[in-house]
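Reading through the structure tokens given below for one structure.
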Amino acid sequence: MQWGRGALWWVVWIVLLSACKPADAPIVAEVGPHRIEADALRAYVAQLPAEDLGLLDAVQPQDTAAVRRQYLQLIIDRHLLLSEARAQGLDSTQLATDEIRAYYQNQYPAALMEDEGGALLARLREQRGHEVRVYPEMLERALPDSLLARKAQQWGALLSQRGGALLKQGRHRKALAVLERAVAYDSDLAQTHFYMGLAYARLDENERAAPAFERAVALAPDEADFHYALGTTLQMQHQYEGAAACFQQAIERSVDQPHYHFRLGEVRRSLADFEGALAAYGVVLELQPDHVQALYRRSDLLVRSGDLAAAEAGFKRVLALDPKNAAALVDLAGVYTKHQRHPQAIAALERAFQLNPADHSIYYLLSLAYAQVGQPDQAAAAAAEFQRLSAADRHYKEGLRNANRGSWDRAATLLTQAVAADSSHVLAHIRLGMVYLYQDAPTRGISALKRALALAPDHLEVHCLLGEAYATSGQPDSARHFFTRALNADSTSVRAHHGLAKVAYQVGDPQAAVLASQRALASDPDHRDSHYLLGLAYAQLGRPREAWRSLQACVELDSGDVEALYRQGLLLARHGSADEAQRVFASVLQRDPNHAEARQQLARLEREQ
């Protein structure tokens with residue numbers, strides 16, 4: 001017969017009550033006439049499920065005295081609630097379970113709780129605190145460090161699993177926040193470090209992913225995937241020698257994984273070890289004959305080695321598997337050219353052009369091929385097109401480099417030259433519009449973005465950028481129009497929903513801001529800016545508990561989010577908890593000593609004491 005968790009709680013509680021009978025039993029605490037004995041407390045903590053260990057997050061795991069008190073506090077709270085239930089004639093079991101769970105799972109301090117959640121428990125602690133006596137020495141003996149360490153490992157393992165589940169959902173920032181807590185409770189769980197590495201890698205933070213993977217490898221050196229993940233991160237950082245060693249380690253542990261061999265081939269190729277790369281790609285194709293990328297890479301290397309017949313066969317096999325592979329068509333045309341089969345080269349290049357008309361190199365190769373078959377007019381036209389598109393691409397790339405350096409005037413000049421050379425270059429129009437917006441020239445930015453929209457009417461980013469530009473320039477109706485058009489193209493667009501929320505908040509409609517922010521969070525539960533704006537809107541609506549939860553979501557995603565912390569301090573200051581507000585403002589200043597508003601608020605509260 002299996003017992004439910006509720007039944008287990010009740011049985012343990014009966015043990016705690018009945019175990020008080022021997023007069024000489026060690027006692028760790030008293031709550032009025034009730035005694036909490038060491039053996040009963042130890043048994044209770046030992047069997048406590050990992051799912052119920054969330055109370056550990058209220059303290060630092062290194063502070064063993066505080067951890068012990070948290071465990072004991074569960075039992076003290078249960079005594080208080082059971083006594084209150086009896087006094088009120090209520091269902092004592094249900095009251096104790098619900099109130100304790102509400103208290104330990106709440107996401108806002110008691111000052112904001114009013115009559116909800118753990119308010120009853122907070123009141124009972126205050127009213128009957130004088131009845132509680134704790135014996136610290138006996139508490140330490142009852143809950144030895146070894147037991148606390150086991151419970152911390154259980155909580156760390158559960159947090160690690162939750163972090164992995166968040167990764168699968170694509171919630172990388174939230175996963176990191178949970179995994180960092182998991183490491184605090186058990187720093188020797190290899191899976192946790194592996195998950196952290198994956199989260200950082202998916203956020204393109206490879207410099208932080210590598211140490212996490214290295215730690216995972218050190219803890220579990222026989223896990224092939226850990227070596228592979230570290231190798232991939234090192235490859236992204238252009239550390240090819242180290243990456244090759246990692247992929248080799250992964251292969252030694254699991255030789256039949258084609259993606260391990262493919263990655264090894266890629267880094268061998270980057271190291272100009274073409275024989276090693278050919279061998280690695282060959283193994284991939286033995287394991288997976290339809291691996292298009294390996295087949296393409298191998299064929300390209302065969303051209304380098306002079307085996308044109310095998311290369312031609314390889315490129316044709318790529319096109320049989322992937323008929324829209326423009327790169328394979330271009331390279332096949334190169335093989336035809338080497339064999340002086342120019343008409344076939346032209347046919348392949350014309351097909352490639354249809355698939356990728358923006359690739360200016362195709363026009364250059366076409367110009368050469370047309371000249372070889374005696375078609376000078378076509379050759380001249382292709383060469384002119386090559387010159388035009390290559391100039392546009394050159395100006396575009398240089399414009400982006402200047403924009404990334406913050407050289408806005410130079411970037412605007414180069415991007416203008418790009419669209420002058422190729423008026424159909426949608427991305428050049430978009431980036432030019434963005435540069436104008438950064439230059440605080442919204443009219444010119446909107447004009448450039450509208451030209452992009454004329455070329456690509458369904459381009460989601462353009463609609464969102466126009467919405468943001470109109471919002472910045474004080475035209476909320478136009479902003480709403482373009483954000484709505486963006487949602488017509490993609491109803492799940494977080495950027496568009498958040499844009500509508502910002503517009504609503506700016507025009508003084510916090511209720512609409514709440515609804516739009518909630519829609520954004522339905523698509524991306526970890527969108528920090530939507531949580532933050534939702535907190536501001538709830539505060540404006542006079543709903544401090546909801547505002548606190550939204551701002552707390554920002555802090556959980558990034559513990560260094562000073563603006564969210566500052567807003568939490570304001571909530572506390574306005575709702576009757578000056579001491580807690582002071583602690584929060586002090587925390588803001590620890591993270592950002594130059595935060596003038598937090599310093600002013602802290603000084604005001606100190607004057608008012």
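Please return the longest stretch of the chain lacking exposed loop sites, where GluC sites (Glu not before Pro) count only if DSSP places them in a loop and at most 12 other Cβ atoms lie within 10 Å.
117-609
Report, in listed order, any pair from 174/324; 324/502; 174/502; 324/397; 168/316 with a Cα-Cα distance greater than 31 Å.
In this structure, 174/324; 324/502; 168/316 exceed 31 Å between Cα atoms.
5 Å is the cut-off here: which amide hydrogens, built 1.01 Å from N in the peptide plane, fall below it relative to residue 27, excluding neighbours closer than 5 in sequence?
Those qualifying (amide H under 5 Å, at least 5 residues apart or on another chain) are 38.
Under 1.5 on a/c is rounded, so check that first for the range 190-278, then, if it is not, pick prolate when a/b is larger than b/c and oblate when it is not; a ≥ b ≥ c are the square roots of the alpha carbon gyration tensor eigenvalues.
Judged from the Cα gyration tensor, the range 190-278 comes out oblate (a/c at least 1.5, b/c at or above a/b).
Give the aspartates and glutamates whose C-alpha is closer than 20 Å to that of residue 450, dropping any in the same chain fewer than 8 places away, or say none.
422, 440, 458, 461, 468, 477, 490
Considering only protein heavy atoms and a probe of 1.4 Å, how much of the accessible area of the chain is carbon and sulfur, as a whole percent?
Looking at the chain in its full context, I get 50 percent from C and S.
At 1.4 Å probe radius, can you tell me the per residue accessible area of the chain in Å²?
That works out to 49 Å² for each residue.
Just tell me the longest site-free run in the chain, where the sites are trypsin sites (Lys or Arg not before Pro) in a DSSP loop having at most 12 other beta-carbon atoms within 10 Å.
With trypsin sites (Lys or Arg not before Pro) excluded where exposed in loops, the chain gives 1-323 as its longest stretch.
Using helices alone, what [θ] at 222 nm do you get for the chain, with -39,500 (n - 2.57) per DSSP H run of 4 or more residues, divided over all residues and rounded to the nearest 500?
-24500 deg cm²/dmol, from helical runs alone.
Cα gyration tensor of the chain, axes a ≥ b ≥ c as square roots of the eigenvalues: rounded (a/c below 1.5), prolate (a/b > b/c) or oblate?
oblate
So for the chain, taking the charge dipole from beta-carbon charges (+1 Lys/Arg, -1 Asp/Glu), which of 557, 175, 334 sits furthest toward the positive end?
334
Compute the label zone of residue 324 within the range 340-358: residues whose backbone N is under 17 Å from the point 7 Å along Cα-to-Cβ.
351-358
The values are calculated or read from the model by the stated rules, or taken from the named source; none is laboratory data. It should be emphasised that the depicted structure is a prediction, and the values quoted were computed from it without experimental measurement. Cβ: placed from backbone, ideal geometry, glycine included. Neighbour counts: every protein chain shown. SASA here: full protein model, heavy atoms, side chains in, ligands and nucleic acids out. Shrake-Rupley method; radii C 1.70, N 1.55, O 1.52, S 1.80 Å.
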